[in-house]
Amino acid sequence: MRPCAQPVLTIRGAGFGGPTPLVCVPLVARDAPGLLEQARAVHALGPDVVEWRADSFEDLSAPSVHAAARELRAILPAEPIIFTLRAREEGGARPISSDTRSAVILDIVRAGLADLVDVELFNGPRFIEPLLEAARTHAVRVVLSFHDFQRTPGDEVLQAKVAEMARLGADIAKVACMPQDPADVLRLLHVTYLARQAFPAWAATTPELVNKLLSG
């Protein structure tokens, strides 16, 4: 039995961190017509969650993204929407300046056009903290994420990444790595288990719990 969040984070009826894994389908269109076409097709499939990977979107002006997000919500009125403007350094479709990413994400958050936003931990506190503050004000949840597409870092590195996500105030922590052998998969499961034990609910994080995870 996999350990679950206490309490489970429920968004539009979907239980994040609960006993049942959720199916998330990404949208990766280059323009608004393509995005809406993909959304209609995905809506018909009935996924648990939909993620808009906006780093594939060609026009990243805030008004253009804002308008597309509003139309997207009309097509997906019940599905939880994750808005992701992924940095190239961690798997984004193309280079996008930090200022552009910050402005677009903040606009989406303040307009309440997404239920969650995914932000890479590597951006650092100066980038992340204003987004977290805006998200709390506008009832948007924040996923802090770490990606390594070449390998699976050591346990200490992974534990430190998750502890930092908790310290900053993430609602959900995400770690995506490339296992090189079955042992890496087992290590990821073990680190996930330690994280759930240390942080049964992210909102209850304390320095003592952070130290618990860091010490293994």
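No lab work stands behind these numbers, since they all come straight from the coordinates. What you see is a predicted model; the values in this text were computed from it and never measured. Cβ coordinates were reconstructed from backbone atoms using ideal geometry, including for glycine residues, and neighbour counts include every protein chain displayed.
Looking at Arg12, Arg40, Arg30, just one residue is at positive phi, over 14 Å from the mean Cα position of the chain (by Cα) and among the basic types (Lys, Arg), and that residue is Arg12. Taking residues in region 42-56 that are free of Cβ contacts under 8 Å to residues at least 60 places away in the same chain and farther than 30 Å from Ser97 by Cβ, and partners anywhere that are of a type in the set (Asp, Glu) and not in a strand (DSSP E or B), the pairs with Cβ atoms closer than 8 Å and at least 6 places apart or on different chains are His43/Glu79; Pro47/Glu79; Asp48/Glu79. Restricting attention to region 40-54, the residues being of a type in the set (D, E, K, R) and in contact with a helix residue (DSSP H, G or I) (Cβ under 8 Å, 6 or more places away or on another chain) number 1. Residues considered: Asp171, Asp118. Of these, the only one that is within 17 Å of Arg88 (Cα to Cα) and out of contact with any Gly (no Cβ under 9 Å at 6 or more places or on another chain) is Asp118. Inspect region 112-135 for any residue being within 24 Å of Phe16 (Cα to Cα), touching a residue at least 24 places away in the same chain (Cβ under 8 Å), surrounded by fewer than 18 Cβ atoms within 10 Å (Cβ to Cβ) and in contact with a helix residue (DSSP H, G or I) (Cβ under 6 Å, 6 or more places away or on another chain) and give the result as yes or no. No, the conditions are met nowhere in region 112-135. In region 47-86, the residue that is nearest to Leu131 (Cα to Cα) out of those that are among the β-branched types (Val, Ile, Thr) and buried (at least 19 other Cβ atoms within 10 Å of the Cβ) is Thr84. In the condition set (1) of a type outside the set (S, T, N, Q); (2) part of a strand (DSSP E or B); (3) over 27 Å from Thr192 (Cβ atoms), Arg30 is compliant with all but (2).
Filtering region 62-87 to residues that are assigned to a helix (DSSP H, G or I) and either in contact with an Asp or Glu (Cβ under 6 Å, 6 or more places away or on another chain) or free of Cβ contacts under 8 Å to residues at least 12 places away in the same chain (or both) leaves Ala62, Pro63, His66, Ala74. Scan region 146-188 for residues that are of a type in the set (Gly, Ala, Ser) and either touching a residue at least 24 places away in the same chain (Cβ under 8 Å) or in contact with a helix residue (DSSP H, G or I) (Cβ under 9 Å, 6 or more places away or on another chain) (or both) and jot them down. Within region 146-188, Gly154, Ala160, Ala163, Ala166, Gly169, Ala170, Ala173, Ala176 qualify.
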